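The values are calculated or read from the model by the stated rules, or taken from the named source; none is laboratory data. Model, not experiment: these values are computed from the prediction. Cβ coordinates were reconstructed from backbone atoms using ideal geometry, including for glycine residues, and neighbour counts include every protein chain displayed. Accessible surface is based on the protein model in full, side chains and every heavy atom, while ligands, DNA and RNA are left aside. Shrake-Rupley method; radii C 1.70, N 1.55, O 1.52, S 1.80 Å.
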Amino acid sequence: MNGCNEAPFFSEGKLKDSELTILVESIRSITSSLDLGEVLETIMTNVLKIIPSAQGGYLLLYDVAEERLIPKAPIGYDHRIYGFRVKVGESITGTVFRDGIGKVLKSKEEVEAEMRLNHITEENYQSITTASGSPGFPSSLIAVPISIAEKRIGVMTVLQWNGRKPFDEHDLLLMQGFAEQAAIAIQNAQYYTEVNDRVKEITDLSNQLEERNSLLQQRYEVHEALTNLSLENKGFEAIIHEFNQMLSKPVHFYNVIDHQLYSPNASRLSDPQAEEFRKLFNADKEPRYVENCSVQAGTCYLLPVFNGSVFLGCFIVPTRGTISESDRMTLEQGSSIIAIELIKKQTMTEYFYKQTYEQFRELLAYRTEEQFKRFGSRLGVDVYSYWCMAIIEIPQYNDLQRLEIEIHQLVLKIQNSLNPFGKMIFGMQNRVYILSSLENPDAVDGLVDDLMRIQTKWMKSESSPFIGGISAVYKGLKNIREFYNEAKDTVTYLAERNRFEWMKYEQIGLNRLFLHQEPHIIKQFIDEVFSPLTSKNDANTEMEQTILVYLKTNRSAKETAKQLHIHPNTLYQRLKKIEKLLQMDFDDSDDLLKIHLACYLKMAVVK
């Protein structure tokens, strides 16, 4: 937002860059050798640099002949670790290998429970628990799969034993990014070892060896060039330009998160459709050839970029035939660098949102007119104009990483659709906040219309549905606490009723009186009123239904009898009996108000 203090933002950005620099330098280190044993040791040495709170770890590579995961390059373990040979699906590492999903465990109890849950053998249990230099179970553990495309080749694990801060999801994310590069380094080393073995045994394969070495060298050169661009923070444009220098065909990249197409000749392309690409790679992450995609007519080679299960973007290469092996390898080699760039950009965006949120919290704490005037001067807004607050919430989600991306996409859509002047727009957790100044009170209707159009388009996609609440309009920013609470209450009201729509605070109506009332107190009041009519006796159930319909029809005896399919005389008899059971007189204004309120709450508030 214009006018915010950016100094802390750049400071935090440097810290993130430092972390990413360690990651990229580690990647360069593990690709500097083609000796498999050396590569594996270098991988484990560097993973402890990337996750500095880790105290040890090991690699497990899958041996097809033994049908076991075999320990390699352990750190913090003695020779007994080599007795730890797990089957696919056994213990923690065996399930990570089988499922292809990384795990972070944050306590000794979680580690032991996961081992036992997945049926670790007694032999493997003794090997892994006695081989470490520290007694007992690790206090925290991360295990991630090592994969080449869809083929898993092993598992990387790091651990800690003392009372350090447990690993978290951010550590897991870094491990996953590094594991992708480690897989390439292992594959390169395995290829190199395989080629050398074949040269020694069969001299007739010398030509094949030369070609393979050439490809390995090309991989290294591609990786080196793209890594340097990433370290120098050249950005996506420079990276895509480098791809176009390397490949024999034009290369485009579609960033799904920001809905942005990076291309050497974007003017010739159509606007990409995010849903088309998501559907293409929803079930199968493999690259493919497609005809007439939304970006360009004709045949295109599409190579997706994922981070875990989250689709980040896609390389688009127009071609009249198949692309060369060299071009395909270049794209695959660079896809992980692209993924790291996207993660870095997302991390910086999230930090900006956090800074904006902190500014917003400070604004809520303001009490004096001078504080508000300084805020308005800093942002160039009129604090005495009309103001309101809107909040969007995604109440149902399973994948936190996908949630972060969807919140970011919502913020971008809102920023692109609304005039940004006089607005503070940011995302935090599962919500988007919109603080907006208005020329006049009626302008809120235009704001709601714009937001509803965004929701309509959003609902047509496969994105998570959201709800939206908007406050009343107030004169002056000094009322921010009032309209912020109104927006929050409106979103809470919609979420509790599972209503995915936009609503103004005033549309809540009478229910505003009960938003902050404890549900058990409301239920207690309803039970106290209706308990004389509530039993397993059908007659009493009939009495309860009668009074509900009677009040709903505004005490119209004729309409009530009609809806209940009874004679008016029968209705009068029931009403007299109800008055007697409830010890009320419906002609008494206090009794009538009490039964009206109880009926309303029973039908509208308590689910």
| Residues in region 518-562 that are farther than 16 Å from Ile578 by Cα, at pLDDT below 80 and open to solvent by 80 Å² or more (accessible area, probe 1.4 Å): how many? | 6
| Taking the stated definitions as given, is Glu406 surrounded by 20 or more Cβ atoms within 10 Å (Cβ to Cβ), assigned to a helix (DSSP H, G or I) and not hydrophobic (A, V, I, L, M, F, W, C)? | yes
| field | Within region 381-401, considering residues that are open to solvent by 100 Å² or more (accessible area, probe 1.4 Å) and more than 19 Å from Glu439 (Cα to Cα), the one nearest to the chain's Cα centre (by Cα) | value | Leu400
| Considering residues of region 288-321 that are within 24 Å of the chain's Cα centre (by Cα) and in a loop (DSSP other than H, G, I, E, B) only, the residue surrounded by the fewest Cβ atoms within 10 Å (Cβ to Cβ) | Ser309
| query | Tell me, which residue of region 416-428 that is within 24 Å of the chain's Cα centre (by Cα), open to solvent by less than 70 Å² (accessible area, probe 1.4 Å) and more than 21 Å from Phe375 (Cα to Cα) is modelled with the lowest pLDDT? | reply | Ser417
| Filtering region 441-479 down to residues that are over 22 Å from the mean Cα position of the chain (by Cα) and polar (S, T, N, Q), which residue is surrounded by the most Cβ atoms within 10 Å (Cβ to Cβ)? | Ser471
| query | If we scan region 383-392, do we find a residue that is closer than 27 Å to Pro465 by Cα, assigned to a helix (DSSP H, G or I) and among the small types (Gly, Ala, Ser)? | reply | no
| message | Considering only region 156-170, I want to know if a residue exists there that is in contact (Cβ under 8 Å) with a residue 12 or more places away in the chain, of a type in the set (A, V, I, L, M, F, W, C) and touching a Phe, Trp or Tyr at 6+ places or on another chain (Cβ under 6 Å). | response | no
| query | From Gly476, Gly469, which residue is at pLDDT 75 or above, at positive phi and small (Gly, Ala, Ser)? | reply | Gly476
| query | In the list Ile202, Ile142, Ile153, Ile146, which residue meets the criterion of being β-branched (Val, Ile, Thr), open to solvent by 20 Å² or more (accessible area, probe 1.4 Å) and at pLDDT 85 or above? | reply | Ile153
| task | Taking Thr490 as meeting all but one of (1) more than 30 Å from Lys373 (Cα to Cα); (2) touching a strand residue (DSSP E or B) at 6+ places or on another chain (Cβ under 7 Å); (3) not in a strand (DSSP E or B), write down the number of the exception. | result | (1)
| Looking at region 324-346, is at least one residue out of contact with any strand residue (DSSP E or B) (no Cβ under 6 Å at 6 or more places or on another chain) and assigned to a loop (DSSP other than H, G, I, E, B)? | yes
| query | Out of (1) surrounded by fewer than 16 Cβ atoms within 10 Å (Cβ to Cβ); (2) charged (D, E, K, R); (3) at pLDDT 85 or above, the odd one out for Arg378 is which? | reply | (3)
| query | If you take the residues in region 260-275 that are at pLDDT 75 or above and not hydrophobic (A, V, I, L, M, F, W, C), which one is least open to solvent (accessible area, probe 1.4 Å)? | reply | Tyr262
